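The structure appears below as structure tokens.
The values are calculated or read from the model by the stated rules, or taken from the named source; none is laboratory data. Just so you know, these numbers come straight off a predicted model, no measurement behind them. Counting neighbours? That spans all protein chains shown, and the Cβs are built from the backbone with ideal geometry, glycine included.
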Amino acid sequence: MKNELKDKTILVSGSAGFIGFHTSQKLLEEGINVIGIDSLNDYYDPNLKNYRNNILKEYSNYKFYQVDISQAEDLKKIFTENKIDKICHLAAQAGVRYSLQNPSAYHQSNLQGFINIIECARNFNIKDFIYASSSSVYGKNKMKESGFSEEDSVDHPISLYATTKKANELIAHNYHHLFGLNCTGLRFFTVYGPSGRPDMAMYLFTNEIINNQEVKLFNYGKMLRDFTYIDDIVDGIIKSLEKSYAYEIFNLGNSQTIEVKYLIELLENSLGKKAKIKLEAIQPGDVEKTFANISKAERMLDFKPKTKIEEGVKNFINWYKKYHKI
Ligand SMILES: NC(=O)c1ccc[n+]([C@@H]2O[C@H](COP(=O)([O-])OP(=O)(O)OC[C@H]3O[C@@H](n4cnc5c(N)ncnc54)[C@H](O)[C@@H]3O)[C@@H](O)[C@H]2O)c1
């Protein structure tokens, strides 16, 4: 870590979430002060959020507020009580499918909450605002051979989740233009690793294998996906915090695709157990191959994802077994 962050206080929203936890832990390890905010909501098991948050509470340079960012007054109080240098905004209602069931959760956290926090950045004169966007903004785009690129138009989202993430990018542009706020948006591509999200594919596949349930593989297991290990994502976030560009958007992905069938093999090997696979045809609207073009992040952030899927899956399963006492 470079000197740019030394003695700084960084507000990490969503600090009890998967990416927020790992980002906070890395910053705390480096002696940086972290103000964590999280509502600890029950979109998935809050025990996992408390488990992560309790690890962070062991650090003396961590201060935690259980606050819902959609509540503007509660949020303002945190900024009044603390001198904050930079914001790393990761709190959001995540998940593509859930946005079909509960659209208002996305409105509340990803739109109202986003406006509340960026308003605090403006009103409390915080110069640097780093926030999570998502690869889902690429929506219906037809991917080029070189992968999804930040220059592609992203005007055709296919979920409310993606729509709110694209809206965040537009709001950030607005605040940069009007108030000179330095804004960097990070489009993450399927992040995985220890203490990962229970609603995401790798965790779900693992649960299914452990519980002898059928594992459905669409396109006969030949879907190609860009899985990005958490430590590489944290590295990209921290480099963004160090650089604080005026206004940028970066893809953060591994930029290498793996077949979902191969992922299942890796999970089987780490678990010592065979999956009950059901091969199915590709579903309407699904795309065979998606991955990030990361040349911009390589050039401007010196972003170099290092973790091979074999190593990452092993680390995830080791954690999973420990956490679930298997
Ligand atoms: N994990 C991925 O693969 C991925 C991919 C693309 C984008 N993202 C984005 O990255 C960010 C972090 O994702 P994650 O995987 O760690 O998800 P997560 O759900 O584990 O973490 C988000 C955290 O934010 C908190 N939160 C939600 N709404 C809140 C509110 N209104 N007020 C306060 N706290 C609230 C949740 O309790 C949770 O702990 C999110 O913005 C997500 O949309 C993640």
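Below, the figures for the structure above:
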read-out: Residue tally, condition within 12 Å of the ligand (Cβ to nearest atom), within 21 Å of D199 (Cα to Cα) and assigned to a helix (DSSP H, G or I), over the range 94-124; value: 9
read-out: Any hit, the range 187-196, residues being on the phi > 0 side of the Ramachandran plot and crowded, with 23+ Cβ neighbours inside 10 Å; value: yes
read-out: Complete set of residues in the range 44-79 that are more than 10 Å from the ligand (Cβ to nearest atom) and part of a strand (DSSP E or B); value: Y62, K63, F64
read-out: Residue ID - farthest from the chain's Cα centre (by Cα), chosen from residues in the range 155-180 that are of a type in the set (A, V, I, L, M, F, W, C) and modelled with pLDDT under 95; value: I158
read-out: Those residues of the range 266-283 which are surrounded by 16 or more Cβ atoms within 10 Å (Cβ to Cβ) and within 14 Å of Y220 (Cα to Cα), in sequence order; value: I277
read-out: Scan of the range 238-247 for residues that are in contact with a strand residue (DSSP E or B) (Cβ under 8 Å, 6 or more places away or on another chain) and surrounded by fewer than 20 Cβ atoms within 10 Å (Cβ to Cβ), ordered by number; value: K243, S244, Y245, A246, Y247
read-out: Evaluation of A91 against (1) more than 10 Å from the ligand (Cβ to nearest atom); (2) not in a helix (DSSP H, G or I); (3) not charged (D, E, K, R) (one fails), failing number; value: (1)
read-out: Cross-chain or 6+ apart pairs with Cβ under 7 Å, the range 189-211 first and closer than 16 Å to L48 by Cα and among the charged types (D, E, K, R), then assigned to a loop (DSSP other than H, G, I, E, B) and within 10 Å of the ligand (Cβ to nearest atom); value: R197/Y44; D199/Y44; D199/G95
read-out: Selection status of S295, buried (at least 21 other Cβ atoms within 10 Å of the Cβ) and of a type in the set (S, T, Y); value: no
read-out: The range 181-222 - residue that is under 30 Å from L170 (Cβ atoms) and more than 10 Å from the ligand (Cβ to nearest atom) and, of those, farthest from the chain's Cα centre (by Cα); value: L181
read-out: Those residues of the range 26-43 which are within 7 Å of the ligand (Cβ to nearest atom), crowded, with 21+ Cβ neighbours inside 10 Å and of a type in the set (A, V, I, L, M, F, W, C), in sequence order; value: I37
read-out: Where a residue in the range 127-141 is without any contact (Cβ under 8 Å) to a residue 60 or more places away in the chain and its partner, wherever it lies, is among the charged types (D, E, K, R), with Cβ under 6 Å and at least six apart; value: S134/K165; S134/R187; V137/K165; V137/K166; N141/D152
read-out: Which numbered condition E150 fails, given (1) within 21 Å of S244 (Cα to Cα); (2) within 16 Å of the ligand (Cβ to nearest atom); (3) not in a loop (DSSP other than H, G, I, E, B); value: (3)
read-out: Hey, E268 within 26 Å of V96 (Cα to Cα) and charged (D, E, K, R) or not; value: no
read-out: Residues within the range 1-25 that are within 18 Å of the chain's Cα centre (by Cα) and either more than 14 Å from the ligand (Cβ to nearest atom) or in a loop (DSSP other than H, G, I, E, B) (or both), tallied; value: 5
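Rundown of residues vs (1) over 17 Å from Q283 (Cα atoms); (2) part of a helix (DSSP H, G or I); (3) touching a His at 6+ places or on another chain (Cβ under 6 Å); (4) not small (G, A, S), yes/no style:
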position: P198; (1), (2), (3), (4): yes, no, no, yes
position: M202; (1), (2), (3), (4): yes, yes, no, yes
position: F205; (1), (2), (3), (4): yes, yes, no, yes
position: I209; (1), (2), (3), (4): yes, yes, no, yes
position: V215; (1), (2), (3), (4): no, no, no, yes
position: Y220; (1), (2), (3), (4): no, yes, no, yes
position: D231; (1), (2), (3), (4): yes, yes, no, yes
position: V234; (1), (2), (3), (4): yes, yes, yes, yes
position: K239; (1), (2), (3), (4): yes, yes, no, yes
